[in-house]
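Data block below; observations after.
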Amino acid sequence: MKNEMKPIVVIGAGIVGVSTALWLQNQGKEVVLVDKALPGNGASMGNAGLLAQWAMVPVNAPELWKSAPKYLLSKSSPIFLKWHYFPKLLPWLIKFMANATESRSKKIIENLVPLVQDSVDQHKSLVKGTSAEKWLRDSKFSYIYKTHEAFKADAYGWKVKSGYGFIPNLVLGNDVRDEEPILSPDVRCMAVLEGQGHITNPLGYVKALFDVFQKNGGKFIKKSVKNLNTVNDHIYSVQLEDEEIICQKAVVTSGIWSKNLIKNLKIKVPLETERGYHVVYENPSVEPRNPMMITEGKFAVTPMTTGLRCAGTVELGGLNASASRKPIDFIKKVSQKTFPDLKFENTSEWMGFRPTLPDSLPMIGEIDNTGIFTGFGHQHIGMTSGPKTGFILAQLVTNNKLNLDISGYSPKRFK
Ligand SMILES: Cc1cc2nc3c(=O)[nH]c(=O)nc-3n(C[C@H](O)[C@H](O)[C@H](O)COP(=O)(O)OP(=O)(O)OC[C@H]3O[C@@H](n4cnc5c(N)ncnc54)[C@H](O)[C@@H]3O)c2cc1C
């Protein structure tokens, strides 16, 4: 079979993989999408649904040196650590913290900006005229602070955001409850960003995008990928449990699980997970008008079709440990304090794996000239930047021009 006749295989049907598959179809390519589970069931399922155009400041910003010890020692902190995992975590953590300097942060931010800043438009252009449109909303987004002083203490983040045009309107004192009546009278400061957007059902959204992929003639195989077979250092086939898919090129968009798939390719992939949790309040008695970030709890609150979703926190504890109780209890405690009138019928809870590299940048690009492309490592902003990443990958796979310097995302940068 001529090489051009073979399909392109995309491995992993989360927001990044499905977006990539769709952009490749837009370029007229035959695509096979493979996932060990049903589409959208990884990290893409339980996130806060924010199209976080303003989220160019990484967790490992210089401020982290000040806040990390406070978080680790506090009994009421949004950061959790599974101590038994600490020895395994340490090499990654050292590299992660080494990036928390002014100069490194500046570079990281410059690279994150193109992935996030026009996310609402990126999503709109991907879903235009499809059934996925119904899950996409224009909205405002607010950071919620107990006091004006707490907002001022967040100066580093706001200075960066403002530099990219994300300048908040401040709402202070009792006016906060006019803007968002759900908030407790104890909340005295909101920093409101206009012109943002969110997804009202992340799983439904990825599924709807996947339906479009299938309607366009895309093939889906629900099996686990075991290996990438190469001949003369170029992809030849994608190996499943009981069959192989001979392919022209392969794209690894398998989130946190990507590392295993490319472990034989002589590149270093220091990928670690920032485990995150959500609580959904089903049939809530009150809802916010727009999504918000409860800064005290480092979780977002988003009105969704399934209820009021409070999603966030960070737990460092690897892939294998079971979900913890403490982050869930923490989210419940802070949300009930922040929304004192909230009543609900039931709650559902979830944990997911954010895939994070030590410099908080994803790996997007081709590994040498192997025909194997990477699209993973999107930490807290995968829902936001999935479509843009898919577009970049489709341009790279099809050798089309890209007006963007992607060297910062190089899959070989940790070599
Ligand atoms: C609590 C929480 C809140 C968040 N909130 C937001 C938010 O508001 N906005 C935002 O932008 N981001 C948010 N994120 C981050 C976002 O969810 C992730 O960055 C994003 O979902 C990653 O998408 P992905 O497609 O790379 O990976 P995933 O969605 O994890 O998809 C990877 C897929 O690969 C498949 N796979 C893995 N291994 C194999 C294999 N061997 N063979 C076949 N298939 C395989 C998996 O089954 C899975 O379907 C949040 C994350 C969490 C945990």
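Values quoted throughout were computed directly from the atomic coordinates according to the rules given, and no laboratory measurement underlies them. Everything numeric in this text was worked out from a predicted model, so none of it was measured. Note that we place each Cβ from the backbone using ideal geometry, even for glycine, and neighbour counts take in every protein chain shown.
Placing unit charges on the Cβ atoms of the charged side chains and taking the dipole of region 227-372 about its Cα centre, the candidate lying farthest along the positive direction among 230, 335, 283 is 335.
Rounded, prolate or oblate: which fits region 131-254, taking a ≥ b ≥ c as square roots of the Cα gyration tensor eigenvalues, rounded meaning a/c under 1.5, else prolate when a/b beats b/c? Display every interim value, and only then the final one.
Working: a/c = 3.68, a/b = 2.44, b/c = 1.51.
Here region 131-254 falls in the prolate category.
Across all Cα pairs in region 58-191, the calculated P(r) in 10 Å bins from zero up to the longest distance comes to 9, 27, 31, 26, 6, 0 percent per bin. Under a Gaussian network description of the chain, with springs only between Cα atoms under 10 Å, the residue in 250, 52, 155 that fluctuates furthest is 155. Shown for 92, 257, 54: other C-beta atoms within 10 Å of each C-beta, ranked fewest to most, produce the order 92, 257, 54.
Quick check: the angle from helix 102-116's long axis to the longest principal axis of the chain, C-alpha only, nearest 10 degrees? Between the helix axis and the principal axis of the chain, the angle is about 70 degrees.
The aspartates and glutamates whose alpha-carbon is closer than 16 Å to the alpha-carbon of residue 134, local same-chain residues fewer than 8 away aside, are 121, 211.
Run the numbers on region 275-315 and let me know its relative contact order in percent, using alpha-carbon pairs under 8 Å that are six or more apart. Intermediate values should be presented prior to the final figure.
Details: 73 pairs, mean separation 20.4, N = 41.
It comes to 50 percent, rounded to a whole number.
At q = 0.21 Å⁻¹ the log10 of I(q)/I(0) for region 211-328 amounts to -1.13, computed by Debye summation with a single uniform scatterer per C-alpha, solvent ignored. When the Cα atoms of region 350-399 are aligned to their principal axes, the ranges along those axes come out at 38, 21, 18 Å in descending order. Model label points for residue 147 and residue 349, set 7 angstrom from Cα along the Cα-to-Cβ axis, are 3.2 nm apart.
Among 383, 97, 190, the largest mean-square fluctuation in a Gaussian network model of the chain (Cα springs under 10 Å) belongs to 97. In region 266-331, a dipole from Cβ-located charges (positive for Lys and Arg, negative for Asp and Glu) runs towards its positive end, and of 313, 293, 269 it is 269 whose Cα lies farthest in that direction. Counting neighbouring Cβ atoms within 10 Å and putting the fewest first, the residues 389, 147, 295 line up as 147, 295, 389.
When a footprinting reagent is the concern and you count Cβ atoms within 10 Å, what order do 23, 158, 65 take, fewest first? Don't skip to the answer; put the middle values down first.
Details: 23 23, 158 18, 65 12.
So the ranking, lowest neighbour count to highest, is 65, 158, 23.
Take every Cα pair under 8 Å in the chain that's 6+ residues apart, average their separations, divide by the length, and report that relative contact order as a whole percent. It would help to have the intermediate numbers written out before the result.
Numbers: 917 pairs, mean separation 111.1, N = 415.
27 percent.
Coupling constants for region 152-161 follow from the phi torsions by the Karplus curve (6.51 cos²θ - 1.76 cosθ + 1.60, θ = phi - 60°), and in residue order they are 5, 5, 8, 4, 4, x, 6, 5, 5, 4 Hz; glycine and proline get x.
Structure remark: mean-square fluctuation, Gaussian network model of the chain, C-alpha springs under 10 Å; the largest value among 311, 150, 100 belongs to 150.
Calculated translational diffusion coefficient of region 1-111 (10 °C, 1.306 mPa s; Stokes-Einstein with Kirkwood radius over alpha-carbon pairs) equals 89 µm²/s.
Computed from the C-alpha gyration tensor, the three semi-axes of the ellipsoid equivalent to the chain are 36, 23, 20 Å, from longest to shortest. The equivalent ellipsoid that matches the C-alpha gyration tensor of region 229-272 spans semi-axes of 19, 13, 9 angstrom, in descending order.
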